[in-house]
Every structure is written in C-alpha cells, then in structure tokens.
Amino acid sequence: MSIWPRQRDCDAFYGNPRSNDPTQAAASWKKANLVRVGQLPFVMRYAGQPVTSVVCHRKVADAFRSVLDGVWRRSGCDQRVVDDWGMSVFSGSYNYRLMRGLNVLSMHSYGCAFDFDAPRNALHDRTPHFAQCPEVLAAWKQAGAVWGSDWNGNGSAADEPRADGMHFQFATL
Ligand SMILES: [Zn+2]
C-alpha cells in the first residue's frame, strides 16, 4: 500500500490546480501548494545552468529531498558518480499542462513528478540509462515513487509500452 495517491485521486490529494484558463494553474492553488526545495546535496544543472532549488508540491518536498539525500549517500558523496548516474541533470518538475485538450492533467501539473537526464532517458526508450543505475532507482523506490520506465512495477523497463525513463512521480497508476 503506497502512501501516495493513485493518479485519478490526485485532485483530492494534491488539490485541484485548474483555473478558467487552460494554460494556467489557479494562482490560489500555486500559492497554497508549491514550495521550493533548496540546499541541494549535490550540484544539479538544468540545460547546463546551475539549479539551486526545485519547485514541487509541498506534500512531496520531504520525500523528494530524501531521494536526493539517498542518491548522494549511495554515491559515496561523490559528484562524479552522481554525474555518471545522471541525477545531476535536472530536466524539470512542476509544469502546468493539460493533456491533449482534455481535462486530464500531467502529473507535472500537480508538482508531484520529476524528470532527470532526459537526453539519456528519452520517451519510448526501453533501454534507458537509469536502468543501469540501481542505486538511483532504489532511492526513488524507498520514497515510494513510481518510475516511468516501470509502470507495472515488475522491475523491468523492457516490457513497458509507454516507457518514460526520465520520469519519477509520487502517484501510482
Ligand atoms: Zn515527466
């Protein structure tokens, strides 16, 4: 039993971020729920630029920090190891987006999803780099996150029809 909600229950758990404008989250929801996780344990970059904090939902902030701390500990506190794993390559977190004109929101719209190392973990790639980084996957799993290349939770990226290897989320299917 996960402490995290199912995707369909995210409105109840994380709050409903929708506004009358399909391109924007409600300002009141953002103010009440989005926080910045700072004092990151290792150097992270987004598109080559240093990242000093990551925006996410307040309910996942501690869990996300525990993932970063877990990765750092498992690396032996070695930036080069974290670089090799790809966890220093931040590829996005909170991003408000309705899917295909429907009322369905991407998990990134709730601030409960995180992408890392998109270049080496592309959408539909069934042999993503993270599959070779059990320490990274263990850190996420310990926090109860679901990996986008193992939606069915069988430990293999090879059988996933919509593999999204860069993606981790605090919500189950
Ligand atoms: Zn994602």
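Surface composition of the chain: carbon plus sulfur atoms contribute 52% of the solvent-accessible area (1.4 Å probe, protein chains only, all chains present).
Comparing Phe13, Phe64, Phe90 in a Gaussian network model of the chain where C-alpha atoms under 10 Å apart are linked, the largest mean-square fluctuation is found at Phe13. Relative to the current alpha-carbon distance between Asp21 and Ser66, full extension at 0.36 nm per residue lengthens the span by 12.8 nm. Remark: the chain carries 51 Å² of accessible area per residue (probe radius 1.4 Å; ligands, DNA and RNA excluded). Cα gyration tensor of the range 39-169, axes a ≥ b ≥ c as square roots of the eigenvalues: rounded (a/c below 1.5), prolate (a/b > b/c) or oblate? Oblate, since a/c reaches 1.5 and b/c is not below a/b.
Residues considered: Lys141, Lys31, Lys59. Largest GNM mean-square fluctuation over the chain, using C-alpha springs under 10 Å, is found at Lys31. Counting charges near Asn121 (Lys, Arg +1; Asp, Glu -1) among other residues having Cβ under 10 Å from its Cβ returns a value of -3.
Multiplying the residue separation of Asp78 and Asp11 by 0.36 nm and subtracting their alpha-carbon distance yields 20.3 nm.
Give the residues of the range 119-161 whose amide nitrogen is closer than 14 Å to a point set 7 Å from the Cα of Ser2 in the direction of its Cβ. Zone members listed by number: 140-155. In a simple Cβ point-charge model (Lys, Arg +1; Asp, Glu -1; nothing else charged), the range 48-106 has a dipole of about 300 debye relative to its Cα centre.
Working out 0.36 nm times the residue gap between Leu98 and Leu173, then minus their Cα-Cα distance, what length gain in nm do you get to one decimal?
Details: separation 75, 0.36 × 75 = 27.00 nm, distance 1.79 nm.
Once the chain is fully extended between Leu98 and Leu173, it gains 25.2 nm.
The values are calculated or read from the model by the stated rules, or taken from the named source; none is laboratory data. Here the structure is a predicted model, which means the values were calculated and not measured. Note: ideal-geometry Cβ built from the backbone for every residue, glycine included; neighbour counts use all protein chains shown. Surface accessibility is based on the protein's heavy atoms, side chains included, excluding ligands, DNA and RNA. Shrake-Rupley method; radii C 1.70, N 1.55, O 1.52, S 1.80 Å.
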